[in-house]
Amino acid sequence: MTGRIDLSTRAVDLRELMDDPDCDPATLDRTFRRFAVVNAAVSGWRSVWRTHVVPALPAAGRARVLDLGCGGGDLARSLTRWASSDGFDLEVVGVDPDPRAIAAAERHRTTGVTFRTESSADLVAAGQRFDVVVSNHVLHHLDDAERAAFLHDSAELATARSVHSDIRRSRAAYRLYALGSPLVSAGTFIREDGLRSIRRSFTQPELAAVLPRGWRAEAVAPHRVLAVRG
């Protein structure tokens, strides 16, 4: 299968099925629920928490972290769990402009986590500030103008650091996902959208080339790329 797919450049014209406002709501809901399993396996956020988020948190008092494009909320919930384990007093706010995502996220209430149907621009306009701003699997969804606005807003909202994690496009990532995703994708968009996501995603040099001044692109395992500021 991978031999027939061109992974040499970003397939920016591909659209993910879950981004269709008219997609099947039951399938979308199952997809949001299953993200927790997929992200636990492939996102590498436990390591990013230790290496990029913890060093940017205040040494004392309650820290605030913003999860932009929070989807079903699994990353936000994981952050509070890791913070509790590591001795941090952490408040996490997860926002997503898609009310379907927030409806899915709010099914699982977690102490220290709140979810809102808002965009980064809404938060900037309201004068909100957070110690750290994060996102997972958002960058590859955005066109050039949307990405520029997203990163600008992130820089405005973060007092210490922004960390946006996404897939790092490669043939190995595509092949492994094609083989492994059927184990968890039944009745969801996870397999097809995941493969499309990989094709839309950046290599580390590609991401570095489009980041504004003050940002850096880091390649991390497994098959991940980070946009980091601060």
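Just a few scattered comments:
- Of all residues in the stretch 209-230, those being open to solvent by 50 Å² or more (accessible area, probe 1.4 Å), on the phi < 0 side of the Ramachandran plot and not in a strand (DSSP E or B) number 6.
Matching residues to (1) over 18 Å from the mean Cα position of the chain (by Cα); (2) of a type in the set (Phe, Trp, Tyr); (3) under 25 Å from Ala149 (Cβ atoms):
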residue	(1), (2), (3)
Ser170	yes, no, no
Ser185	yes, no, no
Phe189	no, yes, no
Arg216	no, no, yes
Leu226	no, no, yes
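- Checked against the criterion of being within 16 Å of His52 (Cβ to Cβ), assigned to a strand (DSSP E or B), modelled with pLDDT of 95 or more and open to solvent by less than 10 Å² (accessible area, probe 1.4 Å), the stretch 165-175 has at least one qualifying residue.
- For the stretch 37-50, filtering for residues that are aliphatic (A, V, I, L, M), open to solvent by less than 70 Å² (accessible area, probe 1.4 Å) and modelled with pLDDT of 90 or more leaves 2.
- When we screen Leu195, Leu211, Leu157, Leu183 for residues that are modelled with pLDDT under 95, out of contact with any Pro (no Cβ under 7 Å at 6 or more places or on another chain) and of a type outside the set (Phe, Trp, Tyr), the only hit is Leu183.
- Residue that is nearest to Ser120 (Cα to Cα) [pool: residues in the stretch 60-78 that are buried (at least 17 other Cβ atoms within 10 Å of the Cβ) and in contact with an Asp or Glu (Cβ under 7 Å, 6 or more places away or on another chain)]: Gly69
- Flag: Ser135 matches the condition of being open to solvent by less than 20 Å² (accessible area, probe 1.4 Å) and over 22 Å from Ile5 (Cβ atoms).
- From the options Leu28, Leu57, Leu17, residue that is surrounded by 15 or more Cβ atoms within 10 Å (Cβ to Cβ), out of contact with any Pro (no Cβ under 9 Å at 6 or more places or on another chain) and farther than 30 Å from Gln204 by Cβ: Leu28
- Among the criteria (1) within 28 Å of Asp22 (Cα to Cα); (2) surrounded by fewer than 24 Cβ atoms within 10 Å (Cβ to Cβ); (3) touching a residue at least 40 places away in the same chain (Cβ under 8 Å), the one Ser120 does not fulfil is (2).
- In the stretch 98-113, residue modelled with the highest pLDDT [restricted to those that are open to solvent by less than 70 Å² (accessible area, probe 1.4 Å) and over 26 Å from Cys23 (Cα atoms)]: Val113
- Residues of the stretch 144-156 that are surrounded by 20 or more Cβ atoms within 10 Å (Cβ to Cβ) and either among the aromatic types (Phe, Trp, Tyr) or under 15 Å from Arg129 (Cα atoms) (or both): Phe150, Leu151, Asp153, Ser154.
- Residue, farthest from Ala178 (Cα to Cα), within the stretch 1-44, restricted to residues that are hydroxyl-bearing (Ser, Thr, Tyr) and part of a helix (DSSP H, G or I): Thr27
- The residue list Gly127, Gly187, Gly194 contains one member that is of a type in the set (Gly, Ala, Ser), surrounded by fewer than 18 Cβ atoms within 10 Å (Cβ to Cβ) and touching a residue at least 24 places away in the same chain (Cβ under 8 Å), which is Gly187.
The values are calculated or read from the model by the stated rules, or taken from the named source; none is laboratory data. What you see is a predicted model, and the numbers here were worked out from it, not measured in a lab. No Cβ is skipped: glycine too gets one built from the backbone with ideal geometry, and neighbour counts run over all protein chains shown. These accessible areas exclude ligands, DNA and RNA; they are computed on the full protein's heavy atoms, side chains included. Shrake-Rupley method; radii C 1.70, N 1.55, O 1.52, S 1.80 Å.
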